[in-house]
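Notes for the one structure printed next.
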Amino acid sequence: MEWSALYPRSRQPDLSGIGSYINTPLWDELRRHMEQDWGLSPCVGFSGCSMAAGWNVKYRKSGRNLFTCYPGHGFFTALVVVSERQDPEVQLLRQTWSPYTQKLFDETGCYRDGRWLMVEVTSPEILEDLKTLIRLRAQK
């Protein structure tokens, strides 16, 4: 069953339900990383955004959104916005990323507020790339 059908606006999922739907240890590792290494708790919210409408999980630091996760079957997608002024640092970090993340970055257009990267986390390598992007985003 699709995420939006399973959890319409009127039925908020809890973190256990989100984890069961995603059903990958990569999700558990990201949550552990954010809670233990960053001291941040997830915030479940509903979005009507046309990019990925439905319930999602946000991580915020100092009142600012670091990234948003959207559940999928066996994976999750993380939206991270990287500022254009961080481009010199990104170019150095880019060399350490998986081919998937490098290609995603190269093919994502840059808007006034930066690149909106929709990272499909399907492997440990991509999860490590996401962690790097989160650190970069937190420095903004």
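Some points to look at:
- Across region 102-129, the qualifying residues are those that are in a loop (DSSP other than H, G, I, E, B) and of a type in the set (S, T, N, Q), and the one among them that is farthest from the chain's Cα centre (by Cα) is 108.
- Test: residue 81 is closer than 18 Å to residue 136 by Cα and surrounded by 13 or more Cβ atoms within 10 Å (Cβ to Cβ): yes
- Condition met for residue 41 (hydroxyl-bearing (Ser, Thr, Tyr), under 13 Å from residue 139 (Cα atoms) and loosely packed, with under 15 Cβ neighbours inside 10 Å): no
- When the residues of region 1-14 are filtered to those that are touching a helix residue (DSSP H, G or I) at 6+ places or on another chain (Cβ under 8 Å) and not in a loop (DSSP other than H, G, I, E, B), the one that is nearest to residue 71 (Cα to Cα) is 3.
- Odd one out for residue 21, checked against (1) assigned to a helix (DSSP H, G or I); (2) touching a Cys at 6+ places or on another chain (Cβ under 6 Å): (2)
- For region 118-133, a residue qualifies if it is surrounded by fewer than 20 Cβ atoms within 10 Å (Cβ to Cβ) and under 12 Å from residue 68 (Cβ atoms), and exactly one does: 118.
- Here 26, 66 are screened, and the one residue that is assigned to a strand (DSSP E or B) and either touching a Pro at 6+ places or on another chain (Cβ under 9 Å) or closer than 27 Å to residue 102 by Cα (or both) is 66.
- Test: residue in region 98-112 that is at pLDDT below 95, of a type in the set (Lys, Arg), out of contact with any Asp or Glu (no Cβ under 6 Å at 6 or more places or on another chain) and surrounded by 14 or more Cβ atoms within 10 Å (Cβ to Cβ): no
- Selected residue (only one of 19, 54, 45 is without any contact (Cβ under 8 Å) to a residue 24 or more places away in the chain and farther than 26 Å from residue 125 by Cα): 45
The values are calculated or read from the model by the stated rules, or taken from the named source; none is laboratory data. Note that the coordinates shown come from a computational prediction; the quantities given were computed from them, not determined experimentally. Here the Cβ is made from the backbone with ideal geometry for all residues, glycine too, and neighbour counts use every protein chain on show.
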